[in-house]
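Asker: My questions all concern the structure below.
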């Protein structure tokens, strides 16, 4: 990696100030995307702003009909949290199936959602559960947050601080893993609750997206059969050495069906 | 034999002596050494698959802080360094000698694959070396790249060598008279060996000599190649090899990078280290396999094979290596007819040069490719004829009474009871109960398939001689030195067990030393040869040490040699209590030891063989293949350590399953850019592929007849059996779906996407 300055602020305000003062600064949370990129010299930030010292970005709490998870919460904490398991078990399930132990003990929900890797798990939960992203300056509904591949509504000097998940009545997740990286090839998170019936598809396209036809079908009839016949168009889906767009389109249907089964 | 010590002799599952240190992180790998003053080397590599180098400007790089040297190919040529060459007596199709553009240690004039080393920077820190490498300006003139064999074969300049074997006219006649002819068109895809520890080299000048530590399977070969490539004085290089984190053949021959590090250490008069990143290994360590074959088999009405015809194309990469060519054009074909009595063959193998990394040895090296072809053909034939695939194989097997058996390639099998392995395999796999398991799987919505491979392999590298030293020391220890190399396979423990057999002392008394080229010269560890060559040598040398001890003990006790009995490390005058320990005898010697330097030659290669049976279940919706069971019965000859042998076979099989289901080194056909140069895209099998239904059995009833131990090499056996067993199982599952026609062209890796497309199509 190239040389950079290192900062470890203890408040969100200080972190934002550091980012605002230097357009080439980068925030680092768990670092599981950024650190490898730095090691390969694919990224050359002037400074790193380490978020691990900020207490207000941590913690899991229930507030009424919502679960609020601090941005710096590790995947392993979400996986093992009794509060999450009781309120939104699909989140614990998802977190428990991200990467491996090492990844789960370092990676954070805020880092994953801010990075918006098309093959990441958490964006499907945020979009599929209709969550609200709390940032250092505002609250952004999930539908307005994910803009494209590795792109979100966050401004350069804006930090994701917490995510507010409405507690669904039912929710399920299923994914097909890439045989090499074990990132998501195609996944579906389906839910029914205060945010309506939602189907979020990850892995298959350049950005997580909602599958409107499946949502309508599930709203009318919450069952695996309701989505089994719905074909995702292959246009605009990813195609690479691991699978064609047609294969991913097919997987979208299979994973949606399995997600409904998992939701119960 | 002392019963207590005998628990650690051969035949016992002794725990590996090296594991405690390795598990505690106390291994001594090359990367663990960081001598005072160590400088770091970084390679600038070609970003293009094919380009002319118009100029290299290193001025800016040399001026950067911390930079000790910037080395280019021109510098090496000026210093007299030799290029890597392929020097085998193979011919081109027109009879001209093999000729390929040699790879200079750093590129000169042109680059021919992505990742080819172009320049080297030595600096005080790795970061400074990388900074300087980025400051080197190379002006490239890009040329068209060829990575696909169908294109390469059209260009005579890329057809580097061809071999033909057999009798084409006799084969034509056999095919014309055949009741059945089956044909497959199959590829054995390019693989990246990917040992856990990538390549690493540390070269340090010491007086007039150069001490080179590296991760290698062949200590003295590495020394000799360094001396040769850099034109150094014989004896001026000492190669030291500590722990090695896996080799799989990839660490057999020396790499251009290794020689550049050695050159850099001399040029800078500093210890210089280069540790390959994972990506550097993907780009520029040798790859394995990469063969496309058209194969046909002629059978009579009863299923007896009349003739085998194979036409193979091998992509040997940008700079053909001796091993890369020999593996595909000579060694693999030795086992093409496998365990079947097929004397009429018509083979032709062609090596093609492309703009990809060179190929070389990778676990199995030619035998997996050859066995894959005939085992796929056997399955296609059985299905075509409506025969049980096990029965068709049985009808063609060479009988024990035919041993020694000379195959159509002139190779002589010393021993083998192939039907015996088959019978045990069928029983262990509950062959007859398959229909019930298939029905149960169908009820769960899964497609079940069953595949079998019966096969043998050649081991040993035809390097049959091995020198070892054994020192019985007055301080109570026995030191064995071998020029073969431990690299995770547990060979040191096996040698120690063989020494225990002879010395009859606790195994803790035995120390096995590897990896010091000053202490002995030998071929190294490759081709599953270590145990039957060096193990035999350890046994023979240990026997000589006891004999010498007996003579010395007789002198000390003033009795006749014949009056002495030896047990538990002690010589005793028969029928008395007069005795002297072997270590006591050693202590009395002028050097305080009994020292044996002994070379043993075995009489031939070994031919391990087996029956591997795999059942799979395919998820119809996702195309995912699950290995439902994997059962193998293996003729490993006499077994020294069953735990290690089972581990070798199971690990090898997992690697073979990896090829069948996951792995493939992919190059973009247009640009020649590698598309799978990290684990992000190169799919490796993981521990969770192995399921409880994984059984490895050993049959020790057929000892090898060409070495004194009766052992057979087992390092590659699993890898060879697993790919055809799994692919045949998938072909069976497809046939059960009415898609038997797909079996003739089914291609690895059987990824979920590929399986789904086959099931949908």
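Asker: Please state which one of B:368, B:358, B:333, B:389 is within 26 Å of the chain's Cα centre (by Cα), closer than 24 Å to residue B:730 by Cα and modelled with pLDDT of 95 or more.
Answerer: Numbers: B:358 fails: closer than 24 Å to residue B:730 by Cα; B:333 fails: closer than 24 Å to residue B:730 by Cα; B:389 fails: within 26 Å of the chain's Cα centre (by Cα).
The match here is B:368.
Asker: Out of the residues in the range B:614-646 that are part of a helix (DSSP H, G or I) and either within 21 Å of residue B:371 (Cβ to Cβ) or at pLDDT below 95 (or both), which is nearest to the other protein chains (Cβ to nearest Cβ)?
Answerer: This residue is B:646.
To keep it simple, each residue is scored yes or no on (1) in contact with a strand residue (DSSP E or B) (Cβ under 9 Å, 6 or more places away or on another chain); (2) farther than 14 Å from residue B:356 by Cα; (3) part of a loop (DSSP other than H, G, I, E, B); (4) more than 14 Å from chain A (Cβ to nearest Cβ).
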position	(1), (2), (3), (4)
B:669	no, no, yes, no
B:672	no, no, yes, yes
B:684	no, yes, yes, no
B:697	yes, yes, no, yes
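Asker: Output the residue which, of all residues in the range B:711-729 that are outside any strand (DSSP E or B) and under 15 Å from residue B:642 (Cα atoms), is farthest from the chain's Cα centre (by Cα). Give the derivation first.
Answerer: Our first condition is that a residue be outside any strand (DSSP E or B); within the range B:711-729, this holds for B:712-729.
Checking which are under 15 Å from residue B:642 (Cα atoms) leaves us with B:712-715, B:717-718.
Working: B:712: 15, B:713: 11, B:714: 11, B:715: 7, B:717: 10, B:718: 12 Å.
Among residues in the range B:711-729 that are outside any strand (DSSP E or B) and under 15 Å from residue B:642 (Cα atoms), the one farthest from the chain's Cα centre (by Cα) is B:712.
Asker: Scan the range A:179-213 for residues that are away from every other protein chain (no Cβ under 14 Å), more than 20 Å from residue A:89 (Cα to Cα) and part of a strand (DSSP E or B) and jot them down.
Answerer: Step one: of the range A:179-213, the residues away from every other protein chain (no Cβ under 14 Å) are A:189-202, A:205-213.
Now restrict to residues that are more than 20 Å from residue A:89 (Cα to Cα): A:205-213.
Scanning the range A:179-213 gives A:205, A:209, A:210.
Asker: Follow-up. Does residue A:257 meet the test of being part of a strand (DSSP E or B), within 14 Å of chain B (Cβ to nearest Cβ) and buried (at least 21 other Cβ atoms within 10 Å of the Cβ)?
Answerer: Working: part of a strand (DSSP E or B): no; within 14 Å of chain B (Cβ to nearest Cβ): yes; buried (at least 21 other Cβ atoms within 10 Å of the Cβ): yes.
So residue A:257 fails the test.
The rows are residues; the columns are (1) part of a helix (DSSP H, G or I); (2) under 25 Å from the mean Cα position of the chain (by Cα); (3) outside the structural domain of residue B:369 (by TED's automatic domain parsing).
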site	(1), (2), (3)
B:678	no, yes, no
B:701	no, no, no
B:709	no, yes, no
B:731	yes, no, no
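Asker: Another one. Mind checking whether some residue in the range A:231-248 is within 30 Å of residue B:750 (Cα to Cα), away from chain B (no Cβ under 14 Å) and over 22 Å from the mean Cα position of the chain (by Cα)?
Answerer: Within the range A:231-248 (the criterion being within 30 Å of residue B:750 (Cα to Cα), away from chain B (no Cβ under 14 Å) and over 22 Å from the mean Cα position of the chain (by Cα)), the answer is yes, since at least one residue qualifies.
Asker: Conditions: (1) under 24 Å from the mean Cα position of the chain (by Cα); (2) buried (at least 18 other Cβ atoms within 10 Å of the Cβ). Residue B:261 meets all but one. Number of the miss?
Answerer: Residue B:261 satisfies every listed condition except (1).
Asker: Would you confirm, using the coordinates I've provided, whether residue B:533 is in contact with a helix residue (DSSP H, G or I) (Cβ under 8 Å, 6 or more places away or on another chain), outside the structural domain of residue B:361 (by TED's automatic domain parsing) and surrounded by 24 or more Cβ atoms within 10 Å (Cβ to Cβ)?
Answerer: On the way: in contact with a helix residue (DSSP H, G or I) (Cβ under 8 Å, 6 or more places away or on another chain): no; outside the structural domain of residue B:361 (by TED's automatic domain parsing): yes; surrounded by 24 or more Cβ atoms within 10 Å (Cβ to Cβ): yes.
Criteria not met by residue B:533.
Asker: Being part of a helix (DSSP H, G or I), surrounded by fewer than 23 Cβ atoms within 10 Å (Cβ to Cβ) and over 33 Å from the mean Cα position of the chain (by Cα) is true for just one of B:508, B:565, B:591, B:551. Which residue is that? Quick ask: steps written out before the conclusion?
Answerer: Working: B:508 fails: over 33 Å from the mean Cα position of the chain (by Cα); B:565 fails: part of a helix (DSSP H, G or I); B:591 fails: part of a helix (DSSP H, G or I).
So the residue among B:508, B:565, B:591, B:551 that is part of a helix (DSSP H, G or I), surrounded by fewer than 23 Cβ atoms within 10 Å (Cβ to Cβ) and over 33 Å from the mean Cα position of the chain (by Cα) is B:551.
Asker: Please give the number of the condition residue B:311 fails out of (1) touching a residue at least 40 places away in the same chain (Cβ under 8 Å); (2) under 26 Å from the mean Cα position of the chain (by Cα).
Answerer: Checking residue B:311 against (1) touching a residue at least 40 places away in the same chain (Cβ under 8 Å); (2) under 26 Å from the mean Cα position of the chain (by Cα), the one that fails is (1).
Asker: Another question, if that's okay. Here is a check on your reading of the model: is residue A:157 part of a loop (DSSP other than H, G, I, E, B), in contact (Cβ under 8 Å) with a residue 24 or more places away in the chain, out of contact with any strand residue (DSSP E or B) (no Cβ under 7 Å at 6 or more places or on another chain) and surrounded by fewer than 19 Cβ atoms within 10 Å (Cβ to Cβ)? It would help to see each step written out before you state the result.
Answerer: On the way: part of a loop (DSSP other than H, G, I, E, B): yes; in contact (Cβ under 8 Å) with a residue 24 or more places away in the chain: yes; out of contact with any strand residue (DSSP E or B) (no Cβ under 7 Å at 6 or more places or on another chain): yes; surrounded by fewer than 19 Cβ atoms within 10 Å (Cβ to Cβ): yes.
Yes: the conditions hold for residue A:157.
Asker: Cβ-Cβ below 6 Å, separation at least six or inter-chain, first residue in the range B:102-131 and assigned by TED's automatic domain parsing to the domain that holds residue B:320, second in a strand (DSSP E or B) and buried (at least 22 other Cβ atoms within 10 Å of the Cβ): which pairs?
Answerer: If the second residue must be in a strand (DSSP E or B) and buried (at least 22 other Cβ atoms within 10 Å of the Cβ), no pairs are left.
Asker: Further question: Can you list the helices (runs of 4 or more DSSP H) lying wholly within the range B:357-437 that have 2 or more residues being in contact (Cβ under 8 Å) with a residue 60 or more places away in the chain and over 19 Å from residue B:653 (Cβ atoms)?
Answerer: B:367-385, B:389-396
Asker: For residue B:751, which of the numbered conditions (1) free of Cβ contacts under 8 Å to residues at least 24 places away in the same chain; (2) within 14 Å of chain A (Cβ to nearest Cβ) fails to hold?
Answerer: (1)
Asker: Among the residues of the range A:84-106, how many are assigned to a loop (DSSP other than H, G, I, E, B) and surrounded by fewer than 24 Cβ atoms within 10 Å (Cβ to Cβ)?
Answerer: Our first condition is that a residue be assigned to a loop (DSSP other than H, G, I, E, B); within the range A:84-106, this holds for A:88, A:97-100.
Now narrow it down to the ones that are surrounded by fewer than 24 Cβ atoms within 10 Å (Cβ to Cβ): A:97-100.
The qualifying residues number 4.
Asker: Also: Tell me, please, whether a residue that is within 14 Å of chain A (Cβ to nearest Cβ) and over 30 Å from residue B:162 (Cα atoms) can be found in the range B:264-275. Reasoning before the result, please.
Answerer: Applying the first criterion (within 14 Å of chain A (Cβ to nearest Cβ)) to the range B:264-275 yields B:275.
Checking the rest, the ones that are also over 30 Å from residue B:162 (Cα atoms) come to B:275.
Checked the range B:264-275: at least one residue is within 14 Å of chain A (Cβ to nearest Cβ) and over 30 Å from residue B:162 (Cα atoms).
Asker: Here are the criteria: (1) touching a residue at least 60 places away in the same chain (Cβ under 8 Å); (2) buried (at least 20 other Cβ atoms within 10 Å of the Cβ). Tell me which single one residue B:463 does not satisfy.
Answerer: Condition (2) is where residue B:463 drops out.
Asker: Being away from every other protein chain (no Cβ under 14 Å), outside any loop (DSSP other than H, G, I, E, B) and buried (at least 18 other Cβ atoms within 10 Å of the Cβ) is the filter here, so list the residues in the range A:25-46 that pass it.
Answerer: Kept after step one, since they are away from every other protein chain (no Cβ under 14 Å), are these residues of the range A:25-46: A:25-31, A:34-35, A:43, A:45-46.
From the residues that got through so far, the ones that are outside any loop (DSSP other than H, G, I, E, B) too are A:25-28, A:34-35.
Hits for the range A:25-46 are A:25, A:26, A:27, A:28, A:34.
Asker: Now a separate question. Take the conditions more than 19 Å from the chain's Cα centre (by Cα), part of a strand (DSSP E or B) and either farther than 30 Å from residue A:194 by Cβ or at pLDDT below 95 (or both) and apply them to residue A:16. Does it pass? So that I can check it myself, show each step before the final result.
Answerer: On the way: more than 19 Å from the chain's Cα centre (by Cα): yes; part of a strand (DSSP E or B): no; either farther than 30 Å from residue A:194 by Cβ or at pLDDT below 95 (or both): yes.
No; evaluated as a whole, the condition is false for this residue.
Asker: Here's another thing I want to ask about it. Please go through the range B:418-452 and give me each residue that is in contact with a helix residue (DSSP H, G or I) (Cβ under 7 Å, 6 or more places away or on another chain) and either surrounded by fewer than 21 Cβ atoms within 10 Å (Cβ to Cβ) or not assigned by TED's automatic domain parsing to the domain that holds residue B:339 (or both), ordered by number.
Answerer: First, the residues of the range B:418-452 that are in contact with a helix residue (DSSP H, G or I) (Cβ under 7 Å, 6 or more places away or on another chain): B:419, B:422, B:426, B:431, B:447-452.
Residues satisfying the conditions are B:419, B:426, B:431.
Asker: Out of (1) more than 30 Å from residue B:686 (Cβ to Cβ); (2) within 13 Å of another protein chain (Cβ to nearest Cβ), the odd one out for residue A:252 is which?
Answerer: (1)
Asker: For the range A:160-178, what are the residues that are surrounded by fewer than 23 Cβ atoms within 10 Å (Cβ to Cβ) and over 22 Å from residue A:130 (Cβ atoms)?
Answerer: Scanning the range A:160-178 gives A:177, A:178.
A quick yes/no check of all residues on (1) in a helix (DSSP H, G or I); (2) at pLDDT 95 or above; (3) surrounded by fewer than 18 Cβ atoms within 10 Å (Cβ to Cβ); (4) within 14 Å of chain A (Cβ to nearest Cβ):
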| position | (1), (2), (3), (4) |
| --- | --- |
| B:93 | no, no, yes, no |
| B:107 | no, yes, no, no |
| B:120 | no, yes, no, no |
| B:141 | no, yes, yes, no |
| B:144 | no, yes, yes, no |
| B:157 | yes, no, yes, no |
| B:169 | yes, yes, yes, no |
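The values are calculated or read from the model by the stated rules, or taken from the named source; none is laboratory data. What you see is a predicted model; the values in this text were computed from it and never measured. Methodologically, a virtual Cβ is constructed for each residue, glycine included, from the backbone with ideal geometry; neighbour enumeration extends over all protein chains shown.
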